[in-house]
2 protein chains.
Amino acid sequence: MMATMLGCVMTDARVAPPLLQRALTEAVDGTFNAITVDGECSTNDCVFALANGAADVGIDEGSCEVLVRAFTAVCERMAKDIVRGGEGATKLVTVRVTGALTGDDARRAARAIANSPLVKTAIHGGDPNWGRLVAAAGRSGSAFSIDRAAVRIGPLPLFSSGAPHDELAPDAAAYLRGDDIEIEVDLGTGGPGTARMWTCDLSAEYVRINAEYRT
Amino acid sequence: MMATMLGCVMTDARVAPPLLQRALTEAVDGTFNAITVDGECSTNDCVFALANGAADVGIDEGSCEVLVRAFTAVCERMAKDIVRGGEGATKLVTVRVTGALTGDDARRAARAIANSPLVKTAIHGGDPNWGRLVAAAGRSGSAFSIDRAAVRIGPLPLFSSGAPHDELAPDAAAYLRGDDIEIEVDLGTGGPGTARMWTCDLSAEYVRINAEYRT
């Protein structure tokens, strides 16, 4: 899921079309397909890769990883910029989900958290609201074990083994005053699934911009 | 999907538990399970039915429809009140989807529209933005045919057969100044699927309430 966008990544290398497609898909999976501003996207969202072969450098199976890394670096930077540029956004938020039963479970929970208006307004208001994070993960449909779940806001373990650590709340509130926020939710299943998404906070300015817009 | 709620419906009639459960499920499907404020819900959302048999009236298979109608009327009223009472809500919005291939398709599209922040801010701002309605339906994953799709805001057919009727936009904008809004999107497949959901507009006050809240 992208966020109402057209992207284009270019290289001067010589790359056969199937290899170029594969490199682009790998790069896009964890970048453009891992962002959200408000959950909205477009039916014509897409990213293209162009390789003109102008440089005397060929990419083959053996060196494809180099291209993937380069594409990923470029796509990650552009993807984060889309989120930072979201209407009314004041913070870039990295949501990590760990301890999921599967990768799909992790992605579903990460998406639920990243799109939750209650999570996004809490972050905007600087409230270290572990309850909204746990609630979003819990209702996501992914396997979730509250007794072993954990929530980290920045470096601070605000919740673990079914209990909050409220003594850390003031530090977490101070951390949330920054504009580059990291949040991690362990679903507590002990499984290997992990996922990462980027989202932004939800501000009154978001509403103003989108309510005052005229067709 | 409910909206962070516990509900209780009571009757003095004598009703056997299986029949009571069936009547409640039928009543809840199109009412409490057809509302959203911001897409958030709780893992412990639920609605109970209690029948104490205090009245000398028995409900059986033959008369169950009477109980379903009564429960539905009560649940619809309470469900709409939850939406009207949503944080910062100023309008109750009834979203109808027609012309879907299946009932599931209709419900998925209705949910996408009812939860779309862009649709909800447009309604808040009084903008008859058929594009946002069509976009939400188009990205919902339900079968959708833009060439035969239609959008109605109140009584006004703002979009049909792939084309907008912009001459109606001023009347639609006037209609949107009301606080009880009806919106209909025909997905254009010619199928029999229909659905109805209730939602509210998204205001800056929603953000203020949920960002200023402290745990």
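A few comments on the model shown:
- Each principal axis of region B:15-76 carries a Cα extent, and these read 42, 19, 17 Å when sorted largest first.
- A Förster distance of 35 Å, applied to the separation of the beta-carbon atoms of residue B:104 and residue B:16, puts the FRET efficiency at 0.70.
- The charge dipole of chain B, taken about its Cα centre with unit charges on the Cβ atoms of Lys, Arg (+1), Asp and Glu (-1) only, comes to about 320 debye.
- For B:120-132, mean number of other protein chain Cβ atoms within 10 Å: 4
- Contact order normalised by residue count of region B:126-213, Cα under 8 Å, 6+ apart, percent: 30 percent
- Local charge for residue B:40 was computed over the other residues whose Cβ lies under 15 Å away, with Lys and Arg +1 and Asp and Glu -1, and equals +2.
- For residue B:103, inter-copy label distances in nm, listed shortest first [label point 7 Å out on the Cα-Cβ vector]: 3.6
- Mean separation of Cα pairs under 8 Å and 6 or more residues apart, divided by the residue count, gives region A:35-148 a relative contact order of 24 percent.
- More than 30 angstrom apart: percent of Cα pairs within chain A: 31 percent
- Those residues of region A:121-162 whose amide nitrogen sits under 18 Å from the label point placed on residue A:177, 7 Å along Cα→Cβ: A:122-129, A:153-156
- Take every pair of alpha-carbon atoms less than 8 Å apart whose residues are at least six positions apart; their mean separation over the length of chain A yields a relative contact order of 27 percent.
- Built amide H within the under 5 Å cut-off of residue A:45, gap 5+: A:5
- Take residue B:52, move 7 Å from Cα toward the beta carbon, and the resulting point lies 8.2 nm from the same point in each other copy, nearest first.
- For the protein assembly as shown, the tally of Lys pairs with Cα-Cα distances below 16 Å comes to 4, considering only residues 8 or more apart or on different chains.
- At least 20 Å² accessible surface lost relative to isolated chain, residues of region A:31-73 (1.4 Å probe): A:38, A:40, A:41, A:43
- Label distances, nm, residue A:161 versus same residue in remaining copies, Cβ-directed 7 Å point: 6.9
- The HN-Hα couplings worked out from phi for region A:177-190 by the Karplus form 6.51 cos²θ - 1.76 cosθ + 1.60 (θ = phi - 60°) are 6, x, 10, 9, 9, 10, 10, 10, 10, 8, 6, x, 8, x Hz, whole numbers, x standing for Gly and Pro.
- Estimated FRET transfer efficiency (residue B:45, residue A:56; beta-carbon r; R0 45 Å; 0.05): 0.10
- Copy A relates to copy B by a rotation, and the A residue whose beta-carbon is nearest that axis, with the distance in whole angstrom, is A:204, 2.
- In summary, the helical segments of chain A meeting the span-like criteria, namely a full DSSP H run, a Cα extent along the axis of 20 angstrom or more and a mean Kyte-Doolittle hydropathy of at least -0.5, are A:64-84.
- Cα radius of gyration and Dmax for the protein assembly as shown (Å): 24.0, 92
- If you sort the three axes of the alpha carbon gyration tensor as a ≥ b ≥ c, you get a/c of 1.5 or more for region B:72-153 and a/b no higher than b/c, which makes it oblate.
- Choice from B:95, B:66, B:57 with maximal GNM fluctuation in chain B (Cα, 10 Å cutoff): B:57
- The B-A contact accounts for approximately 2400 Å² of buried accessible area, totalled over both chains at a 1.4 Å probe radius.
- Accessible-area composition of the protein assembly as shown, carbon plus sulfur, in percent [1.4 Å probe]: 54 percent
- Solvent exposure of the protein assembly as shown, expressed per residue, is 45 Å² of accessible area, with all protein chains present and a 1.4 angstrom probe.
- Region A:68-114 - Rg and Dmax from Cα coordinates, angstrom: 13.0, 35
- Assuming charge only on the beta carbon of Lys and Arg (+1) and of Asp and Glu (-1), the dipole of the protein assembly as shown about its Cα centre is about 20 debye to the nearest 20.
The values are calculated or read from the model by the stated rules, or taken from the named source; none is laboratory data. Keep in mind that this is a model prediction, so the values were computed, not measured. Cβ atoms come from the backbone with ideal geometry, glycine included; neighbour counts cover every protein chain shown. What goes into the accessible areas is simple: the full protein's heavy atoms, side chains included, and nothing from ligands, DNA or RNA. Shrake-Rupley method; radii C 1.70, N 1.55, O 1.52, S 1.80 Å.
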